[in-house]
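Novice: Take this structure, written in structure tokens, and hold onto it; I'll ask about it next.
The values are calculated or read from the model by the stated rules, or taken from the named source; none is laboratory data. Note that the structure is a prediction, hence the values are computed from the model and not measured. A quick note on method: Cβ atoms are made from the backbone with ideal geometry, for glycine too, and the neighbour counts reach across all protein chains shown. Areas reflect the complete protein model, heavy atoms only, side chains present, ligands, DNA and RNA absent. Shrake-Rupley method; radii C 1.70, N 1.55, O 1.52, S 1.80 Å.
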Amino acid sequence: MSGSDEKTTDASIRVRCWGTRGSLPVSGPKFSAYGGNTVCTEIRCGPHTLLFDAGSGILPAGKTLTEEGVSSFNIFFSHSHYDHIIGLPFFAPFFVSDTPVKIWSGHLYGNMSTEQMINEVIRPPWFPVTPDIFRADISCNDFKPGDDLHPHPGMVIKTGNLNHIGGAVGYRVEWGGRSVAIITDTEHTPGSLDPEVLALIEDCDLFLYDSHLLDSEMEEYRGYGHSTWQQAIRLARKSGSRKVGFIHHATWRTDTEIKEFDLQAKAEFPESFFARDGQIIDM
Ligand SMILES: [Zn+2]
Ligand SMILES: [Zn+2]
């Protein structure tokens, strides 16, 4: 059954993008194709369900996964800026008695535990109630960026520091001989490739990458902590990665613009795509 720690021969990996927007949810006809929910990504490894970040996309994720009978979860935080945590109190499985939910973070290592982080953000006056109302069996796990995590037998998750104000963590999930990485949020220095990012995405089957900005916008947004789809392609080439998906779309980025960028990106690197809310990538 889902989430069981019994040995499995199911080596499948399914990636579902539940939220692909950055900074703040958006809605309206200009954003209907790519969607407006903030960052939340599911990586299903055989019977195991991993969620990365709890932006507003975790609302449809929790509802759908519950309907699909998933009964055990791991949630990993890249960091705790609003767009990556705002959906957490609305995660439906929190309200189902005894559902195992393990929450992991490392970006605040040494300064604040995962449990403290959650208790700080889900409380008055920012929110009407505290996590005491949850019925799930929630456990919090702290790690140091650079640690390898082993949430299930046969699974390794590598972690690394990203370049973002206040810190952020990138992840690489290895399962059944394949690998998927999530790199958000991170800023690059034009003209160089971050060695820590390269280590996480080396020879991977797919990585999702912070593409909030364009190369032409980097100067104006220097210090904001974000990167570009053009940088993602440079990283993909250098690392030997087979596929790259662009996430964390800026709030001002319309469907029309993203479709145009998607064509430009595919012309440079055919195995690339701008991710949209609800997209499924089976591997
Ligand atoms: Zn963000
Ligand atoms: Zn951020």
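Novice: Find the relative contact order for the stretch 145-283 and round it to a whole percent, using C-alpha pairs within less than 8 Å whose residues are 6+ positions apart. Walk me through the numbers on the way to the answer.
Specialist: Values: 269 pairs, mean separation 24.7, N = 139.
Normalised by residue count, the contact order of the stretch 145-283 is 18 percent.
Novice: Something else now. Would you mind getting the accessible area per residue of the chain, heavy atoms of the protein chains only, 1.4 Å probe, in Å²?
Specialist: On the way: 11980 Å² over 283 residues.
It amounts to 42 Å² per residue over the chain.
Novice: Please state the relative contact order of the chain as a whole percent: Cα pairs under 8 Å, 6+ residues apart? Mind showing how you got there, number by number?
Specialist: Values: 689 pairs, mean separation 52.3, N = 283.
For the chain, the relative contact order is 18 percent.
Novice: Tell me which residues come under 5 Å, amide H to amide H, from Ala181 once H is placed; ignore anything under 5 positions away on its chain.
Specialist: Answer set, sorted by chain and number: Val173, Leu206, Phe207, Leu208.
Novice: Could you check what % of the DSSP bridge pairs in the chain are antiparallel, to the nearest 5?
Specialist: On the way: 30 of 57 bridges.
Antiparallel bridges: around 55 percent, rounded to the nearest 5.
Novice: Could I ask something else about it? Using packing as a proxy for protection, rank 19-29, 200-210 so that the peptide with the highest average count of other Cβ atoms within 10 Å comes first. Provide the component values of the computation, followed by the final result.
Specialist: On the way: 19-29: 19.4, 200-210: 23.0.
The packing order, highest mean first, is 200-210, 19-29.
Novice: If you only keep lysine pairs separated by 8 or more in sequence, or across chains, how many in the chain come under 30 Å at the Cα atoms?
Specialist: 26
Novice: Could you calculate the contour length gain from Lys63 to Ser216, that is, 0.36 nm times the residue separation minus the distance between their Cα atoms, to one decimal place in nm?
Specialist: Working: separation 153, 0.36 × 153 = 55.08 nm, distance 3.86 nm.
Full-extension gain reported as 51.2 nm.
Novice: HN-Hα J couplings of the stretch 172-185 from phi, Karplus 6.51/-1.76/1.60, θ = phi - 60°, integer Hz, Gly and Pro as x?
Specialist: 10, 9, 10, 8, x, x, 10, 9, 10, 10, 10, 10, 7, 9
Novice: Give me the percent of the accessible area of the chain that comes from carbon and sulfur atoms, probe 1.4 Å, all protein chains in place.
Specialist: Details: 6360 of 11980 Å².
Result for the chain: 53 percent of the exposed heavy-atom area is carbon or sulfur.
Novice: Could you go through the stretch 222-236 in sequence order and give the Karplus-derived ³J(HN,Hα) for each residue, using 6.51 cos²θ - 1.76 cosθ + 1.60 with θ = phi - 60°, rounded to whole Hz, and x for Gly and Pro?
Specialist: In residue order, the calculated couplings are 4, x, 6, x, 10, 10, 9, 5, 5, 5, 4, 5, 4, 5, 4 Hz.
Novice: Moving on. Quick one: angle between helix 255-268 and the longest Cα principal axis of the chain, in degrees between 0 and 90, rounded to 10, please.
Specialist: So the inclination is approximately 70 degrees.
Novice: Follow-up. Once the whole set of protein chains is in place, how much accessible area is left on Arg16, using a 1.4 Å probe, in Å² to the nearest 10?
Specialist: Its heavy atoms expose roughly 20 Å² to the probe.
Novice: Let me ask another. Gap in Å between the Cα centre of the stretch 69-135 and the Cα centre of the stretch 216-235?
Specialist: Cα centroid to Cα centroid, the span is 29 Å.
Novice: Summing -39500 (n - 2.57) over the DSSP H runs of n ≥ 4 in the chain and dividing by its residue number, what mean residue ellipticity at 222 nm do you reach, to the nearest 500 deg cm²/dmol? Walk me through the numbers before you get to the answer.
Specialist: Working: 6 runs with 54 residues, N = 283.
Value at 222 nm, helices only: -5500 deg cm²/dmol.
Novice: Using modelled backbone amide H atoms (1.01 Å from N, in-plane), which distant-in-sequence or interchain residues come within less than 5 Å of Ile75's amide H?
Specialist: Leu51, Lys102, Ile103, Trp104
Novice: Residue by residue, what Karplus-based ³J(HN,Hα) values in Hz, rounded to whole numbers, does the stretch 190-196 have, using 6.51, -1.76 and 1.60 with θ = phi - 60° and x for Gly and Pro?
Specialist: Residue by residue, the stretch 190-196 yields x, x, 9, 10, 5, x, 5 Hz.
Novice: For Lys102, what accessible area in Å² do you get when you roll a 1.4 Å probe over the heavy atoms of the protein chains, rounding to the nearest 10?
Specialist: 80
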